[in-house]
Amino acid sequence: MARTKGVAKNIVRYLLLIVVCVWTLAPVAWMVSLSFKGPTEWYAPNLMPAQPIVDNYINLFIPTNPIGGSHFFTSITEPITKPLINSLIAAGLGTLFAVLVGFLAAYGVSRYRAGGTFTIFFTLLTRMLPGATFVAPLMVFYSSIRFIDTYVGLILLYTAVTLTYAIWLMKGFIDEIPPEWEEAALLEGASPWTVLRKVTIPLTKGGLAASALFIFILNWSEFLFALVISVTQVTTLPVQISKYVSAVGRMYGTQASLGIIATIPSVALGYLIQKHLVTGFTFGRIR
Amino acid sequence: MSITDRLAQWMGKTESFKKLSTLPLSLVLNFVLIVPFAIMIYLSFTKWEPLAGYDWWRAPIAGIPRFIEAFADARLAWALIRTAIFVAVVLPLEFLLGLGMALLLLGDFRGKKAFTSIILYPMMMPWVVVGLGFYLMFQYFGPVNLLILRPVFGEGGMIDWFTDPVLAFAVIILADVWQWTPLMFLIIYAGLVAVPNRLVEAAEVLGASPSRILRTVRLPLIKPLVVIALIIRGLEAFKVFDIVYIMTGGGPGGNLTEVISLYVYKLAIVYNNTSYACAVSLIIMVAIALITRLAIRPLEVKVE
Amino acid sequence: MPKLVVKNLRKVFGTFEAVKDVSFQVEEKETLCLLGPSGCGKTTTLRIIAGLEVPTSGEVFVDGVLVNDVPPQKRQIGLVFQDYAIFPHLSVFENIAYGLRVRKMPEAQIKTKVHETAALIDVKSILDALGKKLGLSEMQRVAIGRSIALNPKLLLLDEPLSNIDAKARERMRAELGKLQKEIGIATVYVTHDQLEAMTLADRIAVMKNGLIEQIGTTSEIYDNARTLFVANFIGSPSMNLIDCELVYSEERAILKSGDFTLDITEFAETIKGKPKGKELVFGIRPENVSVDIEKTDPTAVEAEVQLVEPLGAKSIYHLKISGVTVLAKGHPMAEVNVGSKVWATFNKDKLHLFDKKTEEAIF
């Protein structure tokens with residue numbers, strides 16, 4: 001009797017899991033489907049495109065190929081190669097700096113109690129406040145120093161915004177290393193910098209990498225500040241998406257393909273750090 | 001070198017190191033955050049916009065009329081209310097669904113890793129794309145209408161989701177729930193797994209059924225974790241911007257689904273009402289800082 | 001009718017046979033101890049009885065009823081885990097009341113029962129304390145109280161004293177013994193500490209590698225060990241076990257180990273016909289070897305003291321007799337030191353003889 005109960009429970013479990021999977025996969029499945037459909041199928045309910053095309057993707061890069069008429073593509077005439085590269089640069093460098101600065105600061109806070117409670121409070125605060133509340137003065141400030149629509153401006157902003165996460169995450173990893181090993185090295189005459197290089201970093205490599213990937217995903221997805229800072233030069237992918245949606249209204253296929261392209265890097269990286277997610281570092285390792 | 005000499009040298013180095021380690025941090029933060037913050041405080045006491053014709057640092061101090069304006073601003077109040085409703089709806093939904101998912105995945109079974117990977121991926125998508133995805137799904141000629149509503153309710157059952165403020169809001173809520181339930185799932189699952197199996201067995205031997213064990217043993221033991229998760233998710237939910245911008249832009253009717261982030265953004269960028277935007281931002285910041293201060297204190301004790 | 005009958009229990013985990021073939025019975029009010037080293041299958045057996053593991057084969061009867069298919073919730077068995085598994089988020093009161101609430105007992109009744117139990121296990125003063133704030137011995141008592149509040153048919157205890165430090169363990173052992181007498185439920189007690197077993201159990205089942213080596217009352221186990229393993233495991237310090245061979249010389253039966261000889265002619269009749277290879281092991285407990293400065297017994301042999309372990313009321317003497325090391329337990333003798341020559345007498349009534357290969361006792 002106990003055995004049949006087990007089988008029934010398993011069937012229910014798998015059924016529910018399938019429901020959850022359908023729910024989870026639906027939006028992306030639909031976008032993938034749309035991205036391979038031609039305009040004639042955009043308003044149709046079929047999941048599998050009757051005549052799959054790759055034009056949607058190609059048109060993102062070579063928009064001189066307007067689909068279905070010239071009145072499309074009036075406002076979006078550039079290929080997405082630039083936004084794509086911008087996203088890579090901004091996210092990449094932003095992550096790099098956030099990790100460097102954050103690691104150093106996290107180490108200082110963790111081992112030497114640098115910065116005091118104010119640093120901690122401040123870093124917490126930056127995470128709590130809505131980004132929008134910074135937009136007004138940021139615009140003023142950046143236009144004064146001509147940082148609007150510049151790489152420097154955007155990267156600096158990205159670094160600052162993700163610093164909190166960087167410090168939070170990496171401090172957790174640093175805390176896990178027993179300080180005794182570092183103290184031993186210090187007592188042998190090594191400077192704190194050497195200790196960092198030779199002891200701490202090799203030991204926290206995994207955590208650092210995972211944190212870096214996580215922050216990259218955050219920067220890659222960042223929208224608000226990119227929207228505010230960029231005009232024409234540093235448009236990132238998410239901003240480009242919003243421009244598409246407002247400008248070309250019903251061009252579902254191209255919107256979908258753009259969405260898919262924007263998603264792939266961040267989901268791919270996400271899978272790499274999934275193991276770490278599951279061990280609970282998502283919420284900053286509060287324990 | 002003697003031990004004491006070495007120690008002294010080490011001390012010297014640690015002091016400088018200590019200061020140096022947080023120096024880059026301070027530089028960046030000061031530059032990017034604190035300076036604008038100062039500007040914000042200053043400007044909120046003036047009346048200035050980019051079109052005013054003179055540089056902002058020459059703006060005349062006008063005192064507190066901006067702040068008074070804020071308290072009389074109905075649109076601001078509505079934005080706050082809407083955001084509050086959003087958070088109040090989204091949190092319990094994400095918690096319950098996350099709990100359900102966690103319970104579903106408890107235990108060993110074939111394909112668990114694969115299912116977990118699938119369940120987790122929404123968290124990793126850019127918010128904008130999530131907004132886009134739901135925007136596409138809920139179009140009048142989109143799959144929700146065509147695949148679900150039309151077959152069930154016929155032609156008249158199809159809904160124009162984004163022209164009705166309540167329905168549009170519902171779609172926005174759905175998008176957020178879709179994206180962030182996996183996070184709650186993750187946290188709750190980690191907590192449930194951490195419940196020692198012995199306790200579950202002890203309860204079993206004492207006669208408890210699985211649902212009773214869930215109620216009396218598992219859930220109470222994950223409560224602290226869940227509280228933290230809800231707070232973090234709540235703070236992020238309050239900041240929602242991307243999905244609203246993409247899906248409705250605040251509409252229909254220009255501002256019927258406007259959340260607070262969107263309103264402040266519009267004030268600053270679209271209406272160029274800079275000093276007012278600064279005033280509103282300042283009020284919000286202060287409010288959040290205060291609330292957090294009050295809420296964090298009892299928590300700080302718990303986290304210790 | 002016995003409260004618990006365990007019949008031919010077998011449990012396999014993957015390729016590992018934790019329990020090979022275990023059978024025993026426990027009567028009402030009796031305490032049976034499953035004694036053995038770690039990995040012998042005693043805890044697995046206990047968990048099978050409780051219903052937390054399903055046996056690969058074999059049967060478990062509680063009060064005459066087959067319970068193999070009955071889930072642990074319904075078996076009415078109390079189980080105290082090795083780490084007590086007290087609900088940390090509940091008070092002592094709620095911990096004890098847990099099972100009662102499951103049974104939907106009315107509130108007033110619960111209160112009475114909890115207080116009753118609390119008095120029995122002496123936790124009345126900490127009824128409001130939270131589970132996670134308790135000390136180890138308090139936790140143990142609450143764990144026991146939690147189980148007995150339900151008046152179970154059977155009480156199972158999994159190494160309840162192994163988490164407690166040595167000094168407190170003596171006290172807890174005494175308390176536990178007292179409690180057992182007061183409560184009087186049929187009990188199965190799992191431990192690797194033979195002293196615990198000897199003190200608390202009515203009967204002991206010595207287990208090794210998933211099998212019961214011997215089962216009997218404490219005195220049976222102590223005096224009549226049937227296998228080498230049991231002989232070695234029980235007793236502190238362990239029984240002296242010396243490899244030897246049986247030699248017949250001039251109508252005398254002699255155990256020989258190197259230069260050491262022990263005349264066992266008086267038992268010649270008993271051992272005649274019993275399987276006897278050349279390889280035997282004879283055993284005698286240290287307390288059955290008496291030590292004296294003078295030769296008071298005609299059969300005493302000369303011995304050189306190698307080490308003296310003073311234990312207070314008694315001392316343990318490591319003796320070398322004709323090249324063989326023998327431990328003896330006797331009164332402290334101030335004159336005896338390392339190197340002293342003393343006389344050792346073997347109490348032959350307490351002699352054990354084992355076949356080295358089969359490890360079984362010959363007598």
The conditions are (1) closer than 25 Å to C:Arg101 by Cβ; (2) at pLDDT 90 or above, and C:Asn151 fails exactly one of them. Which is it? (2)
Return the pairs, sorted by first residue and then second, in which the second residue is of a type in the set (Phe, Trp, Tyr), the first residue lies in the stretch C:316-332 and is more than 16 Å from C:Asn288 (Cβ to Cβ), the beta carbons are less than 9 Å apart, and the residues are 6+ apart or on different chains. C:Ser322/C:Phe260; C:Gly323/C:Phe260
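For (1) crowded, with 20+ Cβ neighbours inside 10 Å; (2) outside any helix (DSSP H, G or I); (3) assigned by TED's automatic domain parsing to the domain that holds A:Ala106; (4) touching a residue at least 60 places away in the same chain (Cβ under 8 Å), each residue gets a yes or a no:
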| site | (1), (2), (3), (4) |
| --- | --- |
| A:Glu182 | yes, no, yes, yes |
| A:Ala190 | no, yes, yes, no |
| A:Leu227 | yes, no, yes, no |
| A:Ser246 | no, no, yes, no |
| A:Ala268 | no, no, yes, no |
Which of the helices (runs of 4 or more DSSP H) found entirely inside the stretch B:210-293 contain at least 3 residues meeting this: more than 9 Å from chain A (Cβ to nearest Cβ)? B:210-213, B:219-238
Checking B:Leu103, B:Leu97 in turn, the sole residue that is in contact with a Ser or Thr (Cβ under 6 Å, 6 or more places away or on another chain) and in contact (Cβ under 8 Å) with a residue 24 or more places away in the chain turns out to be B:Leu97
If you take the residues in the stretch A:134-152 that are more than 9 Å from chain B (Cβ to nearest Cβ) and assigned to a helix (DSSP H, G or I), which one is surrounded by the fewest Cβ atoms within 10 Å (Cβ to Cβ)? A:Val152
Odd one out for A:Asn56, checked against (1) within 10 Å of chain B (Cβ to nearest Cβ); (2) assigned to a helix (DSSP H, G or I): (1)
Kindly indicate whether C:Ile254 is β-branched (Val, Ile, Thr) and farther than 29 Å from C:Asp21 by Cβ. yes
Residue check for B:Val193: closer than 30 Å to A:Glu222 by Cβ and in a helix (DSSP H, G or I): no
Consider the stretch C:147-188. How many of its residues are among the hydroxyl-bearing types (Ser, Thr, Tyr) and buried (at least 21 other Cβ atoms within 10 Å of the Cβ)? 2
Being at positive phi and either buried (at least 21 other Cβ atoms within 10 Å of the Cβ) or β-branched (Val, Ile, Thr) (or both) is true for just one of C:Gly51, C:Gly58. Which residue is that? C:Gly51
Residue check: is B:Phe153 away from chain A (no Cβ under 14 Å) and closer than 30 Å to B:Ile232 by Cα? no
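For every residue, the table says whether it meets (1) touching a residue at least 24 places away in the same chain (Cβ under 8 Å); (2) within 27 Å of B:Pro196 (Cα to Cα).
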| position | (1), (2) |
| --- | --- |
| C:Gln109 | no, no |
| C:Leu134 | yes, yes |
| C:Val142 | yes, yes |
| C:Leu156 | yes, yes |
| C:Gly184 | yes, no |
Whether any residue in the stretch B:105-117 is in a helix (DSSP H, G or I), of a type in the set (A, V, I, L, M) and within 7 Å of another protein chain (Cβ to nearest Cβ) is what I want to check. no
Looking at the stretch C:4-42, which of its residues are of a type outside the set (A, V, I, L, M, F, W, C) and surrounded by 22 or more Cβ atoms within 10 Å (Cβ to Cβ)? C:Lys11, C:Thr31, C:Gly36, C:Gly41, C:Lys42
Hits in the stretch C:1-59 (condition: outside any strand (DSSP E or B), under 22 Å from C:Gly78 (Cα atoms) and among the polar types (S, T, N, Q)): C:Thr43, C:Thr44, C:Thr45
Output yes when any residue across the stretch C:73-81 is of a type in the set (Phe, Trp, Tyr) and free of Cβ contacts under 8 Å to residues at least 40 places away in the same chain, and no when none is. no
Looking at the structure I just gave you, is C:Pro37 more than 11 Å from chain B (Cβ to nearest Cβ), touching a helix residue (DSSP H, G or I) at 6+ places or on another chain (Cβ under 6 Å) and more than 26 Å from B:Val217 (Cα to Cα)? no
So B:Gly207, is it more than 20 Å from the chain's Cα centre (by Cα) and small (Gly, Ala, Ser): yes
Could you pull out the residue among C:Leu228, C:Leu246, C:Leu255, C:Leu176 that is of a type in the set (A, V, I, L, M, F, W, C), in contact with an Asp or Glu (Cβ under 9 Å, 6 or more places away or on another chain) and not assigned by TED's automatic domain parsing to the domain that holds C:Cys33? C:Leu255
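The values are calculated or read from the model by the stated rules, or taken from the named source; none is laboratory data. What you are looking at is a predicted structure, and each value in this text was computed from that prediction instead of being measured. Positions of Cβ are backbone-derived with ideal geometry, glycine not excepted, and every protein chain shown enters the neighbour counts.
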